[in-house]
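Reviewing the structure listed below.
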Amino acid sequence: MAHIHEKIDFTVAIFVVQDGKVLLVHHRKLDKWLPLGGHIELDEDPEQAAVREAKEESGLDVELLGERPPTTEPGTRALIAPRFLDIHRISATHEHIGMIYWARPKSGATTLAAEEHHAIRWCAPTDLETLQPPMSNAVKWYCRQALAEVARPPA
């Protein structure tokens with residue numbers, strides 16, 4: 001997807017958790033271990049982008065986790081809030097505002113999107129320290145948070 005704006009874009013990152021592991025991809029272009037994710041396109045909302053990106057990059061249909069307020073009415077649709085937001089620099093002149101979601105797989109089989117990634121794998125907490133190339137501290141923190149929070153039973 002081309003950038004929507006020359007200076008800033010909105011993106012989604014989806015930390016999919018299952019059986020005490022988080023799904024990560026080794027991004028081909030960036031040469032980094034990252035969660036599933038990508039740009040929010042002009043014709044979609046953040047939830048739609050997160051579900052689409054998860055399917056395109058992993059083959060999985062996912063359930064986004066989080067709270068949806070009961071405020072949907074004609075002309076308004078409540079969305080699941082991202083767990084976190086961040087802004088990160090992509091180049092000297094371009095940034096991304098990232099909407100960070102937790103998710104669980106619903107169906108499908110994990111599949112490598114070879115045109116975008118070198119590898120896809122489920123990582124236990126101990127794997128986060130040994131991935132090569134090393135993962136950024138920010139992504140590692142989000143992985144640990146997702147693993148801890150998704151493992152907890154609902155309140």
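Please tell me if Leu147 is surrounded by 10 or more Cβ atoms within 10 Å (Cβ to Cβ), more than 14 Å from the chain's Cα centre (by Cα) and either more than 15 Å from Leu23 (Cβ to Cβ) or not basic (Lys, Arg) (or both).
Spelling it out, it is not the case that Leu147 is surrounded by 10 or more Cβ atoms within 10 Å (Cβ to Cβ), more than 14 Å from the chain's Cα centre (by Cα) and either more than 15 Å from Leu23 (Cβ to Cβ) or not basic (Lys, Arg) (or both).
Going residue by residue through segment 69-80, is there one that turns out to be closer than 18 Å to Tyr142 by Cβ and modelled with pLDDT of 95 or more?
Yes, because at least one residue in segment 69-80 is closer than 18 Å to Tyr142 by Cβ and modelled with pLDDT of 95 or more.
Is there a residue being in contact with a strand residue (DSSP E or B) (Cβ under 8 Å, 6 or more places away or on another chain), at pLDDT below 95 and of a type outside the set (Val, Ile, Thr) anywhere in segment 35-56?
Checking segment 35-56: at least one residue is in contact with a strand residue (DSSP E or B) (Cβ under 8 Å, 6 or more places away or on another chain), at pLDDT below 95 and of a type outside the set (Val, Ile, Thr).
In segment 124-153, what residues are touching a helix residue (DSSP H, G or I) at 6+ places or on another chain (Cβ under 7 Å) and within 22 Å of Lys29 (Cα to Cα)?
Leu128, Met135, Lys140, Cys143
Give the residues of segment 129-144 that are in a loop (DSSP other than H, G, I, E, B) and surrounded by fewer than 15 Cβ atoms within 10 Å (Cβ to Cβ), sorted by residue number.
Thr130, Gln132, Pro133, Pro134, Ser136
Restricted to segment 1-41, and to residues that are part of a loop (DSSP other than H, G, I, E, B) and acidic (Asp, Glu), which residue is surrounded by the most Cβ atoms within 10 Å (Cβ to Cβ)?
Applying the filter and picking the extreme gives Glu41.
Surrounded by 14 or more Cβ atoms within 10 Å (Cβ to Cβ), free of Cβ contacts under 8 Å to residues at least 24 places away in the same chain and outside any strand (DSSP E or B) - does that describe any residue in segment 62-84?
The answer is yes, given that some residue of segment 62-84 is surrounded by 14 or more Cβ atoms within 10 Å (Cβ to Cβ), free of Cβ contacts under 8 Å to residues at least 24 places away in the same chain and outside any strand (DSSP E or B).
Pick out the one residue from Ala103, Ala114, Ala92, Ala119 that is more than 14 Å from His39 (Cα to Cα), of a type in the set (Gly, Ala, Ser) and surrounded by 15 or more Cβ atoms within 10 Å (Cβ to Cβ).
After ruling out the rest, the residue left standing is Ala103.
Residue under question is Thr126, and the condition is that it be exposed (fewer than 12 other Cβ atoms within 10 Å of the Cβ) and either among the hydroxyl-bearing types (Ser, Thr, Tyr) or in contact with a strand residue (DSSP E or B) (Cβ under 9 Å, 6 or more places away or on another chain) (or both); does it hold?
yes
Tell me which residues, restricted to segment 42-59, are loosely packed, with under 15 Cβ neighbours inside 10 Å and within 11 Å of Thr11 (Cα to Cα).
Of everything in segment 42-59, just one residue is loosely packed, with under 15 Cβ neighbours inside 10 Å and within 11 Å of Thr11 (Cα to Cα), namely Asp45.
The values are calculated or read from the model by the stated rules, or taken from the named source; none is laboratory data. As the structure is a computational prediction, the values presented were derived from the model and not from experiment. Heads up, the Cβs are rebuilt from the backbone with ideal geometry, glycines too, and the neighbour counts pull from every protein chain shown.
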